[in-house]
Amino acid sequence: MDSSQELKHRTTTQSNQDPQDTTTTDVRTEKKKAMAKRGLRSLAFAIALPLSMTVANIYSFGRPAGHQTYRNVSKPVWFPPLWLLHLMCVVYSLVMGFSAWLVWAEGGFHKKPRAAAMYMAQLGLSLAWDPIMFRMGASRVGLVVCLALLVSVYQCFRVFKNVNPIAGALVKPCLAWVGFLSVVNLKLVYL
């Protein structure tokens, strides 16, 4: 028997890695890229949907109608102009959408369904406030809606901070904004 025929030749790669490990690494990288793309799509959706609803709401109902409008009432100096009020409502919508996405990304809407209910409640109330205040001119009903909005944003804060502390921290300025909005609305009731 010839000794050259019985010898087995082993080859090794230069990096001493198993070729199967590189394919596993490539698969993991591809999975991470796919997850990142899905995450970006869901983030865009979570921000764009409430933002577009808010902008459409302002465009449709944001111009005061009737004889007793926001612009015609003599207001204190600290009242924001209408354009600033609407701009802050858009920023509020952006921040709340982003914080809700952070909670969703942590699985918070599945773990705590109350979080989703509170987010939807604040979204609906924030969209209802503008037409009630500016189109209908019903400042008392607007005050009730604004106070309900304040409660729902506070509940969002309580639930969101337990799921994701950053989301809870993002809701704090929104809570301050809705509090200021409630004070403005209360002052409009007495004007």
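Rule-based calculations on the coordinates, nothing more; no lab input. No experiment lies behind these values; they were computed from the predicted model shown. Because the Cβ atoms are built from the backbone with ideal geometry, glycine has one as well, and the counts that use them run over all protein chains shown.
The table below gives the values:
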item	result
Peptides ranked, highest mean first, by Cβ atoms within 10 Å: ranges 108-116, 88-96	88-96, 108-116
Estimated inter-spin distance, Val90 and Ala48, nm [label 7 Å along Cα→Cβ]	1.7
Greater than 26 Å apart at Cα, pairs in Lys37/Lys111; Lys75/Lys161; Lys161/Lys187	Lys75/Lys161; Lys161/Lys187
